[in-house]
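To start, the structure itself, in C-alpha cells.
The values are calculated or read from the model by the stated rules, or taken from the named source; none is laboratory data. Bear in mind the structure is a predicted one, so any value in this text is a computation, not a measurement. Every residue, glycine as well, gets a Cβ built from its backbone with ideal geometry; the counts of neighbours run over all protein chains shown. Protein only, heavy atoms only, side chains kept; ligands, DNA and RNA dropped before computing areas. Shrake-Rupley method; radii C 1.70, N 1.55, O 1.52, S 1.80 Å.
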Amino acid sequence: MLKNMTLRAVLAVGLVLVASGAVVARSLPQSDSGTKGMIGAATASPSYCVAMHNVGKIALSVTNYGTFATGDGGFIQGTAADCFTGGAIQACEYPKGSNTEYCFAAAFWIGAVKGEDTLVSVGADGWLSQREMQPYDRPSQPKDTMKTRSIIDPTKPEYELAVSEQDIIALYTDTFTTGVPGLGQDAIDNRSHRPLGIEISQRSYAWSYSYAEDFVLFDYTIRNNSNERLNNIYMGLYVDADVGDPGDAQAYIDDVCGFLYDIPSPPNFSGGCDYFRDTVYIAYIADSEGKLNAQFPVPHVTGSRIIRTPAESLSVSFNWWVSNGAAPLDFGPRERSKARDLGTGGKGTPEGDRNKYFFLRNAEFDYDQVYTADIGIDDTLWEYPNQALAKNISDGFDTRYLLSFGPFTLEPGEDAPLSFAYVAGENFHQLSSNTTQNLVQSYNPDAWLANVSFDDIGLNSMWASWVYDNPGVDTDGDGSKGNFRICYDSVIVDTISVDPPVYDTIGFGPDTLYYTGDGAPDFRGASPPPAPLKWVTPSEGKLHIRWNGLNSETTEDVFSRTADFEGYRVYIARDDRAASFATYASYDIEDYNKFIYVTNLPGGGSGFVLKELPFTREELINLYSGGNPNWAPENYSPANPYRHPDYLQDSIFYFAPQDFNQSDLGIDTPIRKIYPTAPKPSILLADSIPPNARDTYLTDDGYFKYYEYELEVEDLLPTVPYFINVTAFDFGSPQSGLGSLETSVTVNYEMAFPQANAATADALDLPAYVYPNPYRFDGEYRADGFEGRDRETRGKAPDRQRVIHFANLPPECTIRIYTLDGDLVRELTHDVDPQDPTSGHASWDLVTRNTQLVVSGIYYWTIEEPSGKVQMGKLVVIM
C-alpha cells in the first residue's frame, strides 16, 4: 500500500501488468447492413436476463448486458428475478445468507480510438444510468444470450462443456443505438451513444469448495465486430460497493478503497523455504468501520483482481472517486501532471466518452483512500485535496473505483481475452473502534491499516489465480510449468533429546514448489468427489435416507488425477442456511496421515509436517512392520515418534487418523450398506452388465448395489420441515497445502416433512388435514419452526412469510380455499413427482388471489384429484 517514497516513485510511473493472453484473429462473414461500420449491427429487441452465482459463500448476480452485482437489477422490466430459477436477486451478498451486501453495482468498460473518434462503451456508469451494452441475439442463435452449465451432476445435459459447479454464459454487444433502455446522452459532447462495434462473450464460474467459495471467476472474449480497426483499446472494471445492510439508506456513505500489491506467503504455500511475499494486485473496497456491533455487521471486504489480459505487458490504472451532483463534493485523486478539466466543475466523476477514456488510460495509480487527508499542499505528485472534505473522505464516503489496462489493438474479426476474479475475504476489520480512533478522533492512517487484515482476501485471490492457471502444470506443452521456489529439506541422523524432542539433522535434497502456472489458462481446481445421488422418503416422525455413491467413490479429481474419496457425512437442519446444518452421521475410510519431522519450517524452527497422501492400515503394516498384524500406527505420536532404522529422508514421523476412521458400517456409525454382500463391480456402466448378472449387481431401479447406503432418522416432529443433505469428502492435497474438500451442504439438499408421503397416504387412504388450525396472527409460528425456514420465504416481508400447511395430499390435486359465502379466496395447483419427499405436502401463504392478506374468519378448503375425488374441511384464521 501507499506511504513510502519508494512506492510513490512506482506510482508516479504507473504499474505495468504482466499477464498471459493473446489477440487472436478470426475470420468473420462481412456485412454492410445496419449501422455504418458494423458487422451485423443489432436491431431486434434484446432478451434481458439476470442470474445468480450462489453455490459458494459469495452470492453474486451477473447479467447479459455488461454488469454484475446488479443492485439495481430491476431497471429493465422483467429482470428483478433470476431468469433461470425465478429466485430473488442479490447484488453481492457475503457471506451468503447474511443479508449484507458488499457491492451495489459493477460494470465492464471498454474504450478505443475508432477512426478519428474516441469512443467508450459501458455496461453502466453508475450515475447517469447509461447502459450501452445489450443482449446480442445472433441470427443463428435467437434468444440464446444466456445459459448455464454445471459439473455437479454428470448425468445432466448441462454437464457437457461445464467448467465449474455453476457456469453462466452470456453474450452481449454495444451496437444498439435506439429502442433500448438506458442509452442516454454523452453529457460532455451532447451526442447519443456511438458504438465501437464489439461483441462480448462472458463466462463466469463459481464453486462451493472451501478454497474457491469466496470468488467468482470471469472470462471474457471481446470481438471487434466492426469493419474498422480499433486502436489503443483500454478495458476496465467499474465498481460501486455501497457496503452494508440493503435496508440501510445510509450504507453508501462510508466506503473506503485502495490497492493491495502483495501479501506474506501463507505458511502452507511457502514450501518450507525462507520468507516470501506473493503478488496479488487487488483493488479492494470495504465499509470503513465494519459496524462490528451492529445487527448486520459488515466486517469483510471484496475486490477485483485482473488475471489475464490480451497482451504480455500492459499499463494498469487504478482510479477512485467520490461521485456527487454538487461539484464541490465531487472528488478524486489527481496527479498534478495529469490534472484535467472534466467539464463538470467537479474533480471526480468522468462524464462523457472523452473523460471515461482518459480515466481508462491515464496510467495513474491513486493513493489508498484513507491517506486523502495526508496529502500536503507541497506534495509534488498529487493535487492538494479540498481540506473541507479531506478528513471526511479519508474515513469513508460514497466511493467507487475503476481498475483498467491497455493499450492493444483489434483488427476487424479479431478476438481478445480478459479474465478477472471478483474476490471476497472475511474478517477484514479486526477492531470495532479502528475508524473512530485512527481516522476520526485522531488521524493515523498507518494505524488504521495496521488494524485491518488482508490475509483472507489475499489467500482467496491467490486461489483464484491458481484455479485460472494451475501451478506446476504444463497446459500448452511448451515445457514450462510456471515459476517455482526451491528449498532444501533435512534428514534426521540422531536423537539428541527425547523430551523435548530434539534431533540432529543434515541437509538433504531440494523440494520444488510451483507458485504460478505456465500462463495458459486451465480454469480447473481441486474438487471434492461428486455428491452421491440421494432419495429421502418421509413417514410419520421419520425420514429414510438412501444414497448411491458410485460417482463419489470412483471419480478422479480433475486437479490431482486421483480418486481421492474419503467418506460421507449426513447433515440435518431446520432451515437452509449453511450454519444451520449439523452432522447427524458420518462414514470414512480407515486411513492415516504420516507427519514427517523437518528442521526448516516457514519462519524458522522445526516440527512435523504433512507431505504425503494418507495410508491405509494395511499399507503402513507392510511398510513399517514387515507385515506384523499387531503393529499399530496409533502407538506413534509426536511425543513417541517412529524412527526409521535406515535413516531415510523421512526417518522420524508419527501417524494420525485422516478423519475419525468411523469405518465399521452399522457399528460405529448408524450408516449401513443396504447390500453388504454385493460384489464390487469391475465394470461401472450399468448397461454393460449381462442380463444374467443384473440381479447380482443392480438394484430394481438400475443402480449398483455395492454403492448403496441408507440411514433412518427418527423421533422427528412431523409438522415442521427438515433439510437433509448427504455430502462426499476427500482427503485433501498435502502437496498444495489443501485440506479435505467436501461438497456443499447447501447445494441440492432435500426439504421434507416427516409425514406420510403421497404413496403412503394413498395406500392407507389417509385423510388430508390442515395445520395450524386455527391460525392465529399472534401465534409466533416462525419461532416454532412452521414459517420462514427457507431462503426465499425469509426474504419476504413479515406478513408474506405466513404459512398454512396441507398434509396427506395426493401428488396431483387442486386446492381451493373459499369463504363461508362460497367466494373463491385462492386456488393452488399441487403437481409433484410422487418420489419427491414433499409430494404429500403443500402450503398456502394466506394471500388471496387478489394478492391481499386474508382477514379473520372461517374458511372452507377442498382438495380435488384428477379422478374427481374431493376432500373437504374448514380452517379458522384469527387476527
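Tabulated data for the structure shown
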{"item": "Selection count, region 185-208, where residues are in contact with a strand residue (DSSP E or B) (Cβ under 8 Å, 6 or more places away or on another chain) and not in a strand (DSSP E or B)", "result": "8"}
{"item": "Residue match in region 369-379 (condition: within 25 Å of Thr436 (Cβ to Cβ) and touching an Asp or Glu at 6+ places or on another chain (Cβ under 6 Å))", "result": "no"}
{"item": "Subset of region 833-879 that is in a loop (DSSP other than H, G, I, E, B) and crowded, with 19+ Cβ neighbours inside 10 Å - its residue that is farthest from the chain's Cα centre (by Cα)", "result": "Val854"}
{"item": "Matching residues, region 355-382, being aromatic (Phe, Trp, Tyr), under 30 Å from the mean Cα position of the chain (by Cα) and either surrounded by fewer than 21 Cβ atoms within 10 Å (Cβ to Cβ) or not in a strand (DSSP E or B) (or both)", "result": "Phe359, Tyr367"}
{"item": "Which numbered condition Ile169 misses (of (1) assigned to a strand (DSSP E or B); (2) touching a residue at least 40 places away in the same chain (Cβ under 8 Å); (3) of a type in the set (Val, Ile, Thr))", "result": "(2)"}
{"item": "Matching residues in region 399-432 - criterion: being over 18 Å from Tyr234 (Cβ atoms), buried (at least 19 other Cβ atoms within 10 Å of the Cβ) and within 27 Å of the chain's Cα centre (by Cα)", "result": "Thr399, Ala421, Tyr422, Val423, Ala424, Gly425, Phe428, His429"}
{"item": "Pairs with Cβ under 8 Å, 6+ apart, first in region 377-393 and charged (D, E, K, R), second part of a loop (DSSP other than H, G, I, E, B)", "result": "Glu383/Pro333; Glu383/Arg334; Glu383/Ala339; Glu383/Lys347; Glu383/Ile375; Lys391/Tyr443"}
{"item": "Near pairs, Cβ below 7 angstrom, 6+ apart or cross-chain, from region 191-214 (without any contact (Cβ under 8 Å) to a residue 24 or more places away in the chain) to any residue that is among the basic types (Lys, Arg) and surrounded by 21 or more Cβ atoms within 10 Å (Cβ to Cβ)", "result": "none"}
{"item": "Subset of region 238-266 [open to solvent by 10 Å² or more (accessible area, probe 1.4 Å) and either in a loop (DSSP other than H, G, I, E, B) or over 21 Å from Glu426 (Cα atoms) (or both)]", "result": "Asp242, Asp245, Pro246, Gly247, Asp248, Ala249, Gln250, Ile253, Ser265, Pro266"}
{"item": "Selected residue (criterion: most open to solvent (accessible area, probe 1.4 Å)) from residues of region 440-449 that are modelled with pLDDT under 95 and in a helix (DSSP H, G or I)", "result": "Gln441"}
{"item": "Residues that are at pLDDT 90 or above, charged (D, E, K, R) and buried (at least 20 other Cβ atoms within 10 Å of the Cβ), drawn from region 183-200", "result": "Arg194, Glu199"}
{"item": "Hey, Tyr675 under 25 Å from Asp588 (Cα atoms), hydroxyl-bearing (Ser, Thr, Tyr), open to solvent by 50 Å² or more (accessible area, probe 1.4 Å) and part of a loop (DSSP other than H, G, I, E, B) or not", "result": "yes"}
{"item": "Asp765 being assigned to a loop (DSSP other than H, G, I, E, B), open to solvent by 30 Å² or more (accessible area, probe 1.4 Å) and at positive phi", "result": "yes"}
{"item": "Those residues of region 804-822 which are under 15 Å from Ser856 (Cα atoms) and either under 36 Å from the mean Cα position of the chain (by Cα) or assigned to a loop (DSSP other than H, G, I, E, B) (or both), in sequence order", "result": "Ile804, Leu820, Asp821"}
{"item": "Hey, Asn444 farther than 18 Å from Asn319 by Cβ and of a type outside the set (Gly, Ala, Ser) or not", "result": "yes"}
{"item": "Residue in region 213-234 that is among the polar types (S, T, N, Q), at pLDDT 90 or above and not in a strand (DSSP E or B) present", "result": "yes"}
{"item": "Set Thr746, Thr760: member being more than 19 Å from Gly549 (Cβ to Cβ), open to solvent by 10 Å² or more (accessible area, probe 1.4 Å) and either in a loop (DSSP other than H, G, I, E, B) or among the aromatic types (Phe, Trp, Tyr) (or both)", "result": "Thr746"}
{"item": "Candidates Tyr367, Tyr357, Tyr384, Tyr371 - the one that is modelled with pLDDT of 95 or more, of a type in the set (Ser, Thr, Tyr) and out of contact with any Pro (no Cβ under 7 Å at 6 or more places or on another chain)", "result": "Tyr357"}
{"item": "Selection from region 841-854 of residues that are under 22 Å from Gly788 (Cβ atoms) and in contact (Cβ under 8 Å) with a residue 24 or more places away in the chain", "result": "His841, Ala842, Ser843, Trp844, Asp845, Leu846, Val847, Leu853, Val854"}
{"item": "From Leu620, Leu613, residue being hydrophobic (A, V, I, L, M, F, W, C) and under 25 Å from Val467 (Cβ atoms)", "result": "Leu613"}
{"item": "Set Pro46, Pro29: member being modelled with pLDDT under 50 and either on the phi < 0 side of the Ramachandran plot or of a type in the set (Ser, Thr, Tyr) (or both)", "result": "Pro29"}
{"item": "Wholly within region 534-647, strands (runs of 3 or more DSSP E) carrying at least 3 residues that are in contact (Cβ under 8 Å) with a residue 12 or more places away in the chain and among the aromatic types (Phe, Trp, Tyr)", "result": "565-573, 591-598"}
{"item": "Flag if Asp137 is open to solvent by less than 50 Å² (accessible area, probe 1.4 Å), modelled with pLDDT under 85 and among the charged types (D, E, K, R)", "result": "yes"}
{"item": "Count of residues meeting criterion [open to solvent by less than 30 Å² (accessible area, probe 1.4 Å) and either farther than 24 Å from Val243 by Cα or within 26 Å of the chain's Cα centre (by Cα) (or both)] in region 320-345", "result": "3"}
{"item": "All positions within region 114-128 that are assigned to a strand (DSSP E or B) and either touching a strand residue (DSSP E or B) at 6+ places or on another chain (Cβ under 8 Å) or modelled with pLDDT under 90 (or both)", "result": "Lys114, Thr118, Leu119, Val120, Ser121, Val122"}
{"item": "Failed criterion for Val180 (all others in (1) at pLDDT below 90; (2) outside any loop (DSSP other than H, G, I, E, B) hold)", "result": "(2)"}
{"item": "Within region 584-631, tally of residues that are modelled with pLDDT under 85 and among the charged types (D, E, K, R)", "result": "2"}
{"item": "Extreme residue, farthest from Thr118 (Cα to Cα), among residues of region 383-398 that are polar (S, T, N, Q) and more than 35 Å from the chain's Cα centre (by Cα)", "result": "Gln387"}
